[in-house]
């Protein structure tokens, strides 16, 4: 037994902390890598399913309803329509933006399924279903969907 | 692919909080107080570490019983080069130790060279000076 | 198919934190109560089927492995299901099939979550490289769907408040329920902060620690009041695809239809239902999705879904009162069984003979349901 | 019980990563996966495919092998683990690969795909569906597979000490040696034979070789085990189509069982759960067995527990040269299926989970 003893606690032990840390190295699959390279060039390029002809943005390696691989790349527009949205008003762990902000499902022109993104340059109360919005690009060359900083009302804020 | 792959590092890290309940809590409290506790099963065996249930049957256990802190190595696997996450940073072994008074063996580490450690060797717990109620309150077992 | 019955049910007291128990302690609290209710011990059980949501909530990989000892599964089959939020329901279905198939006679099924070991929001919002950032949180995912429902159904705002009040009034009759808000009012719900517009604070479920267990058996001879499993179903669809209707998902409709067909009943024959409603607006949405009412919000507005109403929904208080995620679905299934066994105590629906349990998960894409009855099929 | 048949199989060859540094033989190229492209088969590196694409490749292959279409499938069940992929709900996006539309009866286990196959078999016994599609996918290339496996350990009594998988396997191996049941040379022989067999197997991408008499010269990592005694991890995916009343190899029995995790209450020289699972699956001696090995000593324990004395074991090389997390058990079923298709009368497929063979599943396949 140890001679010195610095432990003076007498209350029962009821819990302990268990720190875990796992480091991963992730490589973007080819379909995602293509999309992100296009994003760097300020282009939104989706993929079309060879069976149902639906266009997905971000592109999908496999059509989720037809289970076939999608190879054909399709240039989408930089504007779209708000399918639906919510206003995030609470802070939470892991959050990137300062609330309140509008999180919307946007159907980009030339695509068939909505993209989840942020709507900016407009008061949350002013956002409506069916509103037309356009991409505002970030100046930084981010190889992620954050290259589009947010979407704003088409033609800029009135 | 003729273009370079996009590769990114990603870390999943979190400090989970484990609440212990009465029996695991008593065991950890015991370690902090330099005591190793087992639990007596319905058929009279003493299992270590103490748990609220018999691992073999799931049935509740009864009294807590102090065991060790010395015992005998039952099985040993030697590690010549400790990794930074290992409990000790000198040559050591992972060992199943039958503590005095226990009917099951207890997994911990034993310090020593491969030549020095073997089945049947008597070892005893060396306690950490700063203890907080976890298995690492036992720094290692030593011959 | 071999007739299968629920002959034992146990659940924990649900709370934001259960610092008084370990994970084995939590699951045993439910499992031992279920065994006691069934008049059995672990030795009588042939197999254990465990469900819970992501391992990352507690930071233990495949926790069924270390929990085998606590659940008396040593020397037996131990099975683990994970289908996101619907997991508790899917797990009960898998357990029921273990019996109905004739593979086992008596199965213990358990579902749990100990969310206080971490922060669920953290576990779910870890930004993964190259994926679109999830910047909205759990409510942020479902709030746009709720907005779309409100817009489509032309539902008035107070429907969400009504469900929030009704479920908390029901939960106040259930001593196991986490939230105890017997005096909650519409005004309080209406005045509570908007979290994810249109969802207000009091229209959301809590985050809970809890577990639930059931004993399923092909031998109900020792049970005075078994709940017979008349129909089971699971249906899934992809998360995101062109033309997907998340307000009224096809997988949910088919899950309900399968379940009615297997049970040989029509929705109007049900005496009550426990539906997976983590945000109050999901009650009217699921009422329509499952074909229980043509207009969900009008049914709520008319009081049809209250205890004493035409079809009481979530008499236990539901997910709106207790949400140990991995267990939430199985709690719905177990509460449905309690109703037809006549053991639902203060939240008993008088004379309930036929009840439905329902769960969903992922982005409203994984569905599970069962219908239980007091009469042997 | 309904007789259930393995009607179709599909898999991606395992993409192996951590081969022992002292393995010899021809250097192998980075493995490539052949998947359907717009103009015929396309060769891609594993990293080029996302999980949905991996699942698509194997499920399409299994359905084609079975001569069935997606519309014929009544139930889908999959196996995977979030931690190997590094994110919660990884199975949600993978579901895209199987085309779960119109909505299917579908379920998922946080276990090896062999357990998904077990659930599908139970579902076929329930009787409401006749065709089930099972798949599994896993990557070891993304993260620290050993550390993920260590997070399986009891979070109160084992995980805080952090023993790596090879340390626990080392204790099991030493228990065998102490009991006089095996020697280090026996372990080396298991490994050398597995790698030799894998080099001859068309399906594996491994062509490295371990020379038996030189293997013991390398230092132990956790005595008596050396680096080569641990399976090399790989990426991969696999799928199986099960049908009731079909023509393919038939499932004679399938069962699983678990031991305590607590090593102090187990006899590590044997596997009670493997023996019980084998008995529950019908027992008997197979002609050929495909084992899910994480460490070489497990071959000796399973040979005894599963009664394999007379059986041909792991003619494909098994999992020591290529262990795909959450997939290896299902690929054992596929390998066993192919043995029966090739004329074997009775084949055994094994799957394990947890430290030191804690949980075991046994599938017995026979000619239809």
| task | Give the residue that is modelled with the lowest pLDDT, with candidates limited to residues of the stretch A:99-123 that are within 11 Å of another protein chain (Cβ to nearest Cβ) and in a loop (DSSP other than H, G, I, E, B). | result | A:99
| message | I need a count of the residues in the stretch C:209-229 that are within 14 Å of another protein chain (Cβ to nearest Cβ) and either surrounded by 24 or more Cβ atoms within 10 Å (Cβ to Cβ) or modelled with pLDDT under 95 (or both). | response | 7
| Do we have any residue at all in the stretch D:191-198 that's touching a helix residue (DSSP H, G or I) at 6+ places or on another chain (Cβ under 6 Å) and under 25 Å from residue D:152 (Cβ atoms)? | yes
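Give me the helices (runs of 4 or more DSSP H) completely within the stretch C:260-377, filtered to those with at least 3 residues that are closer than 20 Å to residue C:4 by Cβ, ordered by residue number. Outline the logic, then answer.
Values: elements: C:282-289, C:296-301, C:325-341.
In the stretch C:260-377, C:325-341 are the helices (runs of 4 or more DSSP H) which contain 3 or more residues that are closer than 20 Å to residue C:4 by Cβ.
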| task | For the stretch D:209-228, state whether one or more residues are surrounded by 20 or more Cβ atoms within 10 Å (Cβ to Cβ) and within 21 Å of residue D:58 (Cβ to Cβ). | result | no
| remark: Exactly one of C:37, C:20, C:46 is more than 14 Å from chain D (Cβ to nearest Cβ), at negative phi and touching a residue at least 12 places away in the same chain (Cβ under 8 Å), and that one is C:37
| query | Just checking, how many residues over the stretch B:74-103 are farther than 14 Å from residue B:135 by Cβ, buried (at least 21 other Cβ atoms within 10 Å of the Cβ) and touching a residue at least 60 places away in the same chain (Cβ under 8 Å)? | reply | 1
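Residues of the stretch D:134-158 being part of a helix (DSSP H, G or I), in contact with a strand residue (DSSP E or B) (Cβ under 7 Å, 6 or more places away or on another chain) and more than 9 Å from chain B (Cβ to nearest Cβ), which ones?
The first filter runs over the stretch D:134-158 and keeps only residues part of a helix (DSSP H, G or I), leaving D:145-150.
Narrowing the set further to residues that are in contact with a strand residue (DSSP E or B) (Cβ under 7 Å, 6 or more places away or on another chain) leaves D:145, D:147-148.
The answer is D:145, D:148.
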| request: Quickly run through the stretch D:305-330 and pick out the residues that are more than 26 Å from residue D:221 (Cβ to Cβ) and in a helix (DSSP H, G or I). | output: D:330
| Hits in the stretch A:31-66 - residues which are more than 10 Å from every other protein chain (Cβ to nearest Cβ) and part of a loop (DSSP other than H, G, I, E, B) | A:41, A:42, A:43, A:44, A:57, A:59
| request: Hey, can you tell me all the residues within the stretch D:90-114 that are more than 14 Å from chain A (Cβ to nearest Cβ) and in contact with a helix residue (DSSP H, G or I) (Cβ under 7 Å, 6 or more places away or on another chain)? | output: D:107, D:108, D:109, D:110, D:112, D:113, D:114
| field | Sole residue being within 14 Å of chain D (Cβ to nearest Cβ) and closer than 25 Å to residue C:157 by Cβ, chosen from C:258, C:245 | value | C:245
| Within the stretch D:176-185, is even one residue away from chain B (no Cβ under 12 Å), in contact with a helix residue (DSSP H, G or I) (Cβ under 9 Å, 6 or more places away or on another chain), farther than 30 Å from residue B:120 by Cβ and part of a helix (DSSP H, G or I)? | no
| query | Among the residues of the stretch A:136-158, which ones are more than 14 Å from chain C (Cβ to nearest Cβ) and either outside any loop (DSSP other than H, G, I, E, B) or under 22 Å from residue C:139 (Cβ atoms) (or both)? | reply | A:136, A:137, A:152, A:153
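The values are calculated or read from the model by the stated rules, or taken from the named source; none is laboratory data. This is a predicted model, so every value here is computed, not measured. For neighbour counting, all protein chains shown are included, and Cβ atoms are generated from backbone atoms with ideal geometry for every residue, glycine included.
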